[in-house]
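K.L.:
Structure in structure tokens, see below.
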Amino acid sequence: MVIKLANSKNSLLVAEFDNKLKIQEYAKAYQLYDLRHGYSSGREWKSSVFFFLALAMFFMLAMENFNFAKLPVTVLVLLISMYMCTHYVYLLPKKAKLEGEHIYKSSHLLSKPCHITVSRDSFTLKNDYEYLKRYDTEITDCFETDEIFVLIGGMEHVITVISKRCLTEEQTQLLSEHFQREMIQQYRRTKSGKKGK
């Protein structure tokens, strides 16, 4: 249900709803977290460096008619560079996804239904076991995909995930506009590989 009443501090409420995460939604959120703050941080430029290094080694071999015995160091650098490209482009995102799934399975709270209230300058998350209030100024990154909103920041409970499955189209639009407006520097819209069901 969308709320349009202001509270006593004149902080307009944007939306209020119940939310429940699926494991694949949290795993995707953790991948995005890892991309900004984990081992995958900077993977685009790192994989590019190794790609161009591999390309240079390949051309050096081509100029020598692929005489591997003559240029063993070049072959070794080529193989290492190819592996590192694969490492950054494929292996690290897969590892982050598996780590996210592990965190979700080992947590007693992530799979529980919760109630989320989003206001102009903060949001709260509440379930039977915990209560979290996070101000917009604490958020370092805000991602929106086709399936989820991911809010990253704070000292504890660093990743907050909102599933769009639990929202009406109007609420999704309101939240998207709110995060774009209030978190101009932090907000990023990303495309998803697969649509969750």
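K.L.:
Give the average over all directions of the projected area of the C-alpha convex hull of the range 37-99, one decimal, in nm².
P.N.:
Answer in nm², one decimal: 4.4.
K.L.:
Given a Förster radius of 45 Å and the C-beta distance between residue 120 and residue 51 as r, what FRET efficiency does 1/(1 + (r/R0)^6) yield to the nearest 0.05?
P.N.:
0.55
K.L.:
Among 151, 119, 73, which residue has its Cα furthest toward the positive end of the charge dipole of the chain, with +1 on Lys/Arg Cβ and -1 on Asp/Glu Cβ?
P.N.:
Ranked along the dipole, the leading option is 73.
K.L.:
Continuing with this model, one more query. What 222 nm value per residue comes from the helices of the chain, counting each DSSP H run with n ≥ 4 as -39,500 (n - 2.57) and dividing by all residues, nearest 500 deg cm²/dmol?
P.N.:
Calculated at 222 nm, the ellipticity per residue is -13500 deg cm²/dmol.
K.L.:
Further question: Carbon and sulfur together cover what percent of the accessible area of the chain at a 1.4 Å probe radius?
P.N.:
Of the solvent-accessible surface of the chain, carbon and sulfur hold 59 percent.
K.L.:
Select one label from (i) 18.0; (ii) 19.1; (iii) 17.3: the one whose number is Kirkwood radius over Cα pairs in Å as derived from the coordinates shown.
P.N.:
This structure yields the entry labelled (ii).
K.L.:
Please report, in debye to the nearest 20, how large the charge dipole of the chain is about its Cα centre when each Lys and Arg carries +1 at its beta carbon and each Asp and Glu carries -1 there.
P.N.:
400
K.L.:
Moving to a separate point now. Would you mind calculating the gained length between residue 156 and residue 73 on full extension (0.36 nm times residue separation, minus the Cα-Cα distance), in nm to one decimal? Walk me through the intermediate numbers first.
P.N.:
On the way: separation 83, 0.36 × 83 = 29.88 nm, distance 4.72 nm.
Extra length from residue 156 to residue 73 when fully extended: 25.2 nm.
K.L.:
Another question about this same structure. What length, rounded to one decimal in nm, is gained on full extension from residue 190 through to residue 132, with 0.36 nm per residue of separation minus their alpha-carbon distance? If you can, show how the numbers build up before the last one.
P.N.:
Values: separation 58, 0.36 × 58 = 20.88 nm, distance 2.59 nm.
Contour length minus the Cα-Cα distance gives 18.3 nm.
K.L.:
Which of the helices in the chain meet the span-like rule: DSSP H, Cα axial reach of 15 Å or more, Kyte-Doolittle mean at least 0.0?
P.N.:
The qualifying helices are 43-63, 72-86.
The values are calculated or read from the model by the stated rules, or taken from the named source; none is laboratory data. Source: prediction; values computed, not measured. As a convention, Cβ positions derive from the backbone with ideal geometry for all residues, glycine included, and neighbour counts pool all protein chains shown. Each accessible area value is taken on the protein alone, full model and side chains, heavy atoms only, with ligands, DNA and RNA left out. Shrake-Rupley method; radii C 1.70, N 1.55, O 1.52, S 1.80 Å.
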